[in-house]
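Beneath this line is the structure, given in structure tokens, with notes to follow.
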Amino acid sequence: MNIEIEAKFQVSDFRLLRGMLAQHQALPEGEHLETNTYFDTPDHALRDADKGVRLRVTRDLSGVAPAQAIMTFKGPRRPSAFKSRQEIEFTVGDAANAAALLEALGLAPVLTFQKRRQSWLLHGCKVELDELPLLGCFTEIEGSDETAIANVAALLCLSGQPSITNSYIALLLEHLSRLGSDERTILFPSA
């Protein structure tokens, strides 16, 4: 069983982080535009069980690699200092057919949102610089264990900041609720 362990921090911008990543000789792994669609049952059974099903289409912003569709299941969060949960992830050949399959199984799209993601590798951890419409900038550090993640967070001067355990979908839905908005497609302007 694959367990995802990550720490997420909200940041004002990425300038300082990019400088620290370069200083610590982090390896850049590309920049992507992701379009994420989360699915659930009409009675929100997945959300209520702290689970999620996502279909992600990711486009390489360098234009080198073709778009890729990835299906992900996320299990309930486990007790941890950081966000830790079961994750099952695989690529699919056709995003439209994958969405049609989910809908045929009784799941419906709950929220679609875009995210710009720049990926780095540092000391065995994946460091993601994420920008989302409405929410701003975040850094995620994903690794094999909490110690590795904490060490990378310290190198990037993030260890003094609170780690966010809510998912992006939860943060967006909470933000939309505060705004009194029923919008369920959140995209970058002109994207």
Expected sort for H123, H44 with the fewest Cβ neighbours (10 Å cutoff) up front is H44, H123
Rounded to two decimals, the Debye log10 I(q)/I(0) of the range 3-186 (Cα scatterers, no solvent) at q = 0.08, 0.10, 0.14 Å⁻¹ is -0.26, -0.41, -0.82
Only helices counted: for the chain, with every DSSP H run of 4 or more residues adding -39500 (n - 2.57) and the sum spread over all residues, [θ] at 222 nm is -6500 deg cm²/dmol
Taking every other residue with Cβ under 13 Å from the Cβ of P42 and scoring Lys and Arg +1, Asp and Glu -1, one gets -3
With 0.36 nm assigned to each residue of separation and the Cα-Cα distance removed, F90 to H44 gains 14.2 nm
Taking alpha-carbon centroids only, the range 42-121 lies from the range 139-155 a number of Å equal to 22 Å
Mean separation of Cα contacts under 8 Å (at least 6 apart) over the residue count of the chain, i.e. the relative contact order in percent, is 28 percent
Placing each pseudo-label 7 Å from Cα in the direction of the beta carbon, H123 and M20 end up separated by a distance in nanometres of 1.1 nm
If N is the residue count of the range 45-135, its Cα Rg over 2.2 N^0.38 Å rounds to 1.22
Of all DSSP beta bridges having both residues in the range 3-186, the percent classed as antiparallel (nearest 5) is 95 percent
Between T72 and T165, the two model label points (7 Å from Cα along the beta-carbon direction) sit apart by a distance in nm of 1.9 nm
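Read-outs throughout are calculated quantities, based only on the coordinates presented, and are distinct from any laboratory measurement. Everything numeric in this text was worked out from a predicted model, so none of it was measured. Quick reminder, even Gly has a Cβ in these numbers, built from the backbone with ideal geometry, and neighbours come from all protein chains shown.
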